[in-house]
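Quick note: the coordinates plus some simple rules give every number you see, no bench work behind them. Because the structure is a prediction, the values reported are computed rather than measured. Cβ placement follows ideal geometry from the backbone for every residue including glycine, while neighbour counts extend to all protein chains displayed.
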Amino acid sequence: MTDAADNKNTPQIDAGREADAPSLRVKYEAWPDGQPKSRLLTLDTLDRRTAAYRETNQLITEIYADLGGEDRLSAAERQMVQHGAVLGAYATDLEARYLKGQRIDLTALCTILNTQRRCFDAIGYQRRPRDVTPSLQGFLDNLNAEEAK
């Protein structure tokens, strides 16, 4: 791991202790006064073709559906869903590596699973029904459409 003072343009942030764990790089640009500023990444800015992104996005979509839809969740709940899904994708990767016969850090896997559980404890595990009852206007519109046929 390099220090920002050593290389202000591309400091590394160590993503894990494993030798094959990828390092995350955060790009820095300079403010007008010459001081570096960080550019934060979001899921929306990532390459959507990767298996990791697709796995995470699928899990987010499924959890949103279980909780009654994204529009029914608070910002904090949406954050917990995202964090839990990312942790789930990472845990799945470690589990698959273990099943392929590779050595994994079991302490890291247990920590990830415990953290994921706490994310889901915050939002709950029960499916939340979504109200799909049509509005009175929608019902009348459907009734008029049927009579017109």
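Observations on the structure shown:
- Contour excess over end-to-end distance, with Cα ends at Asp66 and Asp105 and 0.36 nm allotted per residue: 10.9 nm
- Computed lengthening from Asp141 to Asp47, 0.36 nm per intervening residue step minus Cα-Cα distance: 29.6 nm
- Counted by neighbouring Cβ atoms within 10 Å, the residues Cys119, Cys110 run from fewest to most as Cys110, Cys119.
- Rounded D (µm²/s) - segment 38-145, Kirkwood Rh over Cα pairs, Stokes-Einstein at 4 °C, 1.567 mPa s: 80
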